[in-house]
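S.K.: There's a structure below that I have some questions on.
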Number of protein chains: 2
Amino acid sequence: MFSQRLERVRTAMGVAGVDVLMLSVGSDLPWLVGYEAMPLERLTMLVLPVDGRAELFVPALEVPRVLERPEIFRVRGWTETEDPVAMVAESVGAAESIAMGDHTWSRFLIQLQDRLPRARWQPAGSILGPLRAVKDAREVERLQAAASGVDRIARALQNGEIPLIGRTEAEVSADLGRRILEVGHGKVNFAIVAAGENAASPHHHPGDRVIEPGEVVLCDFGGTTAEPQGEPGYCSDITRCVYTGEPPAEFVEQYSVLADAQRQAVEAAKPGIAAEEVDRVARDVLAAAGLDQWFIHRLGHGIGVDAHEDPYLVSGNHRPLEAGNAFSIEPGFYIPGKWGARIEDIVVCTDVGPRPLNTVDHALAVVEG
Amino acid sequence: MFSQRLERVRTAMGVAGVDVLMLSVGSDLPWLVGYEAMPLERLTMLVLPVDGRAELFVPALEVPRVLERPEIFRVRGWTETEDPVAMVAESVGAAESIAMGDHTWSRFLIQLQDRLPRARWQPAGSILGPLRAVKDAREVERLQAAASGVDRIARALQNGEIPLIGRTEAEVSADLGRRILEVGHGKVNFAIVAAGENAASPHHHPGDRVIEPGEVVLCDFGGTTAEPQGEPGYCSDITRCVYTGEPPAEFVEQYSVLADAQRQAVEAAKPGIAAEEVDRVARDVLAAAGLDQWFIHRLGHGIGVDAHEDPYLVSGNHRPLEAGNAFSIEPGFYIPGKWGARIEDIVVCTDVGPRPLNTVDHALAVVEG
């Protein structure tokens with residue numbers, strides 16, 4: 001698997017005229033070689049020439065964490081009194097066109113730029129993004145496992161098995177976090193819980209607000225699956241809303257338009273359609289009901305080893321969807337001071353049509369507890 | 001508090017000849033203005049001119065998360081179809097000397113470099129690191145609260161209240177993680193559990209290995225305190241080892257040298273001593289017993305809003321300690337294939353001498369469960 005990816009990356013580097021690819025923290029590295037850099041001040045860096053052997057520079061005390069893959073890279077531990085930036089620069093040598101991992105700390109890029117004054121730099125995402133956006137069968141299987149895990153939690157939420165009324169948003173968020181770990185994830189990425197008027201803030205930070213009867217509770221949560229050492233985890237991401245008691249007719253009506261917008265966008269997500277067109281489909285449905293003014297974010301994002309990656313379903317992204325793309329479809333409406341709602345599933349684009357990985361009911365569940 | 005920090009930063013920028021400071025993801029931003037950027041692909045960036053008003057560029061859908069501080073910065077939300085890099089570059093204007101936040105994604109730095117071809121770049125850490133390294137009274141109080149929290153967990157570990165034998169490292173790690181959240185942290189940063197020969201890997205990733213009777217269990221764990229919105233959390237970090245049954249004489253002897261090295265290093269950590277000298281003190285004690293060859297990492301790291309920050313207690317860091325510095329003192333020995341041990345406390349350097357924030361017993365606890 002990793003050898004195949006390496007070949008695809010080298011081919012893309014050749015096409016782009018890139019001499020060396022460098023990867024540090026973030027998910028490109030585990031996707032490509034199965035090792036995740038610790039996000040700390042000690043530099044971890046893969047140096048991958050378009051031809052020639054790759055070298056993985058790792059702090060000596062982290063070398064035992066590396067599952068070695070000699071056919072793919074050579075491990076080079078650096079000790080506490082060595083200068084890893086100098087070692088990496090030496091490994092790069094005279095290469096002039098360098099693609100740097102998108103999430104690499106600027107501090108290391110600036111230090112490398114000082115040592116390699118003739119180099120030209122570009123973000124590695126332009127090469128890796130399109131490759132990572134097309135999932136293979138195993139990746140889809142892991143994304144399905146991740147989705148099935150959070151589906152169980154969403155069903156528990158709809159069934160009233162997760163107490164809401166009288167608890168704070170933060171308490172419910174912590175509860176969701178524990179459940180995310182119980183259903184096969186190794187890491188919680190986020191667990192947004194937004195009640196009432198807080199649901200009008202799409203990225204609300206759950207706080208001390210107590211959930212009361214008669215309001216919407218928006219829950220958007222996901223994690224990264226736990227995998228054997230040397231294999232990257234894959235992400236889940238789902239949003240469902242429940243109402244603590246009977247919802248007012250106005251909300252029911254708006255929510256029903258939202259569900260329609262979400263469904264139509266999912267149906268549109270077939271190979272060949274431009275990413276922005278899928279966003280447009282949902283936006284048009286909301287617009288017909290006067291709700292598009294409250295839909296203040298893009299329709300969705302790709303998902304894989306990263307919670308957010310290519311392709312982005314957003315106005316301006318003309319790129320057509322391809323079979324193997326996996327992404328969220330998550331329209332919402334957010335009315336400041338009043339309420340908000342969002343429905344989100346992960347969907348895989350396939351040759352036989354869109355395949356939603358999340359299968360939890362879209363109807364607005366009414367919970368009494 | 002934030003206004004004072006801003007003044008100190010502007011003064012340091014003036015001394016360093018820096019026109020503009022830019023901060024994105026990482027802990028510099030919450031330290032300086034109380035807001036933490038979401039580590040996602042939508043750019044958050046503070047643009048702070050050496051004189052003139054600071055601007056905080058935030059994705060429009062995250063604007064409600066910002067606790068506004070108009071006296072410190074102006075919030076500028078950007079919508080999904082705007083180009084935040086262009087907006088930031090325009091805000092920077094003709095400035096030529098720019099300090100970029102150490103953890104800012106390289107992708108954004110490269111995009112800004114393309115738009116600002118005349119600018120000279122340096123890592124912001126050279127300006128902010130020394131300022132952040134000197135804690136004020138409130139910061140020491142928060143670090144003490146964080147340390148007292150994990151102290152309770154370490155005592156439970158030593159008292160045998162946390163079952164070890166028969167559980168996997170990963171299970172014990174998850175248990176420590178839950179406890180970290182219970183004692184006042186909002187986030188778990190790490191919970192290393194390394195049994196037997198795995199304790200010889202300083203950054204061991206806890207796995208499926210079952211803990212057995214008659215072996216060392218090294219536990220190194222910490223989190224970030226939960227604070228009110230708009231205030232940054234502070235980090236804890238502690239390491240204790242226990243033995244599941246009576247330890248062999250050889251281990252007891254080595255451990256006793258380690259405890260001596262740790263104690264002497266703590267006592268040496270007074271204002272004026274070079275950071276590397278404190279490392280040297282511990283290394284010399286271990287060397288006298290022939291153990292220094294197995295002490296393969298630096299003695300310690302600063303701690304605050306970041307789990308690792310200035311000052312680093314490492315050979316080559318000639319900078320003298322100052323009152324207000326807070327750092328770990330964590331010597332260890334790691335004998336491959338056999339066992340390892342580490343003792344770690346957080347210590348604050350004060351004018352009246354070193355003040356350990358962790359006060360849990362250093363003796364090797366023997367646990368039976």
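S.K.: From the list B:Gly337, B:Gly304, which residue is of a type outside the set (A, V, I, L, M, F, W, C), under 30 Å from B:Gly196 (Cα atoms), within 14 Å of another protein chain (Cβ to nearest Cβ) and in contact with a helix residue (DSSP H, G or I) (Cβ under 7 Å, 6 or more places away or on another chain)? Spell out the reasoning first.
M.R.: Values: B:Gly304 fails: under 30 Å from B:Gly196 (Cα atoms).
Exactly one residue qualifies, and that residue is B:Gly337.
S.K.: Kindly list the number of the only condition in (1) in a strand (DSSP E or B); (2) under 19 Å from B:Ala16 (Cβ atoms) that fails for B:Leu56.
M.R.: Only one criterion is unmet by B:Leu56, namely (2).
S.K.: Of the residues A:Val88, A:Val15, which is touching a residue at least 60 places away in the same chain (Cβ under 8 Å) and either farther than 22 Å from B:Asp102 by Cα or crowded, with 18+ Cβ neighbours inside 10 Å (or both)? Even if it seems obvious, please write down each step before you answer.
M.R.: Working: A:Val15 fails: touching a residue at least 60 places away in the same chain (Cβ under 8 Å).
A:Val88 is the lone residue from the list that is touching a residue at least 60 places away in the same chain (Cβ under 8 Å) and either farther than 22 Å from B:Asp102 by Cα or crowded, with 18+ Cβ neighbours inside 10 Å (or both).
S.K.: Then there's this: Could you run through the range A:45-75 and say how many residues are touching a residue at least 12 places away in the same chain (Cβ under 8 Å) and away from chain B (no Cβ under 11 Å)?
M.R.: 18
S.K.: In this structure, is B:Ile110 in contact with a Pro (Cβ under 6 Å, 6 or more places away or on another chain) and surrounded by fewer than 19 Cβ atoms within 10 Å (Cβ to Cβ)?
M.R.: Details: in contact with a Pro (Cβ under 6 Å, 6 or more places away or on another chain): yes; surrounded by fewer than 19 Cβ atoms within 10 Å (Cβ to Cβ): no.
Criteria not met by B:Ile110.
S.K.: Hey, another quick one. When you scan the range B:329-351, how many residues do you find that are surrounded by fewer than 24 Cβ atoms within 10 Å (Cβ to Cβ) and either of a type in the set (Gly, Ala, Ser) or over 21 Å from B:Val285 (Cα atoms) (or both)?
M.R.: So the count comes out to 5.
A quick yes/no check of all residues on (1) touching a Pro at 6+ places or on another chain (Cβ under 7 Å); (2) touching a residue at least 60 places away in the same chain (Cβ under 8 Å); (3) in a loop (DSSP other than H, G, I, E, B):
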position: B:Glu277; (1), (2), (3): no, no, no
position: B:Val281; (1), (2), (3): no, no, no
position: B:Leu286; (1), (2), (3): yes, no, no
position: B:His301; (1), (2), (3): no, no, no
position: B:Ser315; (1), (2), (3): no, no, yes
position: B:His318; (1), (2), (3): no, no, yes
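S.K.: Please tell me if A:Leu29 is part of a helix (DSSP H, G or I), within 14 Å of chain B (Cβ to nearest Cβ) and at pLDDT 95 or above.
M.R.: On the way: part of a helix (DSSP H, G or I): yes; within 14 Å of chain B (Cβ to nearest Cβ): yes; at pLDDT 95 or above: yes.
For A:Leu29, the condition - part of a helix (DSSP H, G or I), within 14 Å of chain B (Cβ to nearest Cβ) and at pLDDT 95 or above - is met.
S.K.: Do we have any residue at all in the range A:169-177 that's small (Gly, Ala, Ser), buried (at least 17 other Cβ atoms within 10 Å of the Cβ) and touching a residue at least 60 places away in the same chain (Cβ under 8 Å)? Break it down stepwise before answering.
M.R.: Step one: filter the range A:169-177 for residues small (Gly, Ala, Ser), giving A:170, A:173-174, A:177.
When the remaining residues are screened for being buried (at least 17 other Cβ atoms within 10 Å of the Cβ), the result is A:170, A:173-174, A:177.
Filter once more, so that each one left must be touching a residue at least 60 places away in the same chain (Cβ under 8 Å): none.
Within the range A:169-177 (the criterion being small (Gly, Ala, Ser), buried (at least 17 other Cβ atoms within 10 Å of the Cβ) and touching a residue at least 60 places away in the same chain (Cβ under 8 Å)), the answer is no, since none of the residues qualifies.
S.K.: Output the number of the condition that B:Gly207 fails; it satisfies all remaining conditions of (1) more than 8 Å from chain A (Cβ to nearest Cβ); (2) surrounded by fewer than 18 Cβ atoms within 10 Å (Cβ to Cβ).
M.R.: Tallying (1) more than 8 Å from chain A (Cβ to nearest Cβ); (2) surrounded by fewer than 18 Cβ atoms within 10 Å (Cβ to Cβ), B:Gly207 fails exactly one: (1).
S.K.: In the range B:212-267, which residue that is hydroxyl-bearing (Ser, Thr, Tyr) and touching an Asp or Glu at 6+ places or on another chain (Cβ under 8 Å) is nearest to the other protein chains (Cβ to nearest Cβ)? Steps first, answer last, please.
M.R.: So in the range B:212-267, the residues hydroxyl-bearing (Ser, Thr, Tyr) come out as B:224-225, B:234, B:236, B:239, B:243-244, B:255-256.
Among the residues that remain, those that are also touching an Asp or Glu at 6+ places or on another chain (Cβ under 8 Å) are: B:234, B:239, B:243-244.
Working: B:Tyr234: 17, B:Thr239: 14, B:Tyr243: 21, B:Thr244: 22 Å.
Within the range B:212-267, the match that is nearest to the other protein chains (Cβ to nearest Cβ) is B:Thr239.
S.K.: Further question on the same structure: Could you list, in sequence order, the residues of the range A:178-189 that are touching a residue at least 40 places away in the same chain (Cβ under 8 Å) and part of a strand (DSSP E or B)? Talk me through it step by step, then tell me what you get.
M.R.: Keep residues of the range A:178-189 that are touching a residue at least 40 places away in the same chain (Cβ under 8 Å), which gives A:180-181, A:184-187, A:189.
Across the range A:178-189, the qualifying residues are A:His185, A:Gly186, A:Lys187, A:Asn189.
S.K.: Determine which member of the set A:Ile162, A:Ile192, A:Ile153 is without any contact (Cβ under 8 Å) to a residue 24 or more places away in the chain and among the aliphatic types (A, V, I, L, M). Can you show your working first?
M.R.: Working: A:Ile192 fails: without any contact (Cβ under 8 Å) to a residue 24 or more places away in the chain; A:Ile153 fails: without any contact (Cβ under 8 Å) to a residue 24 or more places away in the chain.
A:Ile162 is the lone residue from the list that is without any contact (Cβ under 8 Å) to a residue 24 or more places away in the chain and among the aliphatic types (A, V, I, L, M).
S.K.: Can you tell me which of (1) part of a helix (DSSP H, G or I); (2) within 28 Å of the chain's Cα centre (by Cα); (3) closer than 19 Å to A:Ile335 by Cα is the one A:Glu253 doesn't meet?
M.R.: It fails just one condition, (2).
S.K.: Still on this model: I'd like to verify a number: residues in the range B:76-101 that are more than 14 Å from chain A (Cβ to nearest Cβ) and in a strand (DSSP E or B), how many? Don't jump to the end; show me each part of the working.
M.R.: From the range B:76-101, those more than 14 Å from chain A (Cβ to nearest Cβ) are B:76, B:87, B:89-96; that's our starting set.
Restricting the remaining residues to those that are in a strand (DSSP E or B) gives B:76.
Number satisfying all stated conditions: 1.
S.K.: Restricting to the range A:102-138, give me the number of residues that are under 18 Å from the mean Cα position of the chain (by Cα), within 13 Å of chain B (Cβ to nearest Cβ) and assigned to a loop (DSSP other than H, G, I, E, B).
M.R.: Qualifying residue count, the range A:102-138: 4.
The values are calculated or read from the model by the stated rules, or taken from the named source; none is laboratory data. These numbers were taken from a predicted model, which means no experiment stands behind them. Glycine also receives a Cβ, built like all others from the backbone with ideal geometry; neighbour counts cover every protein chain displayed.
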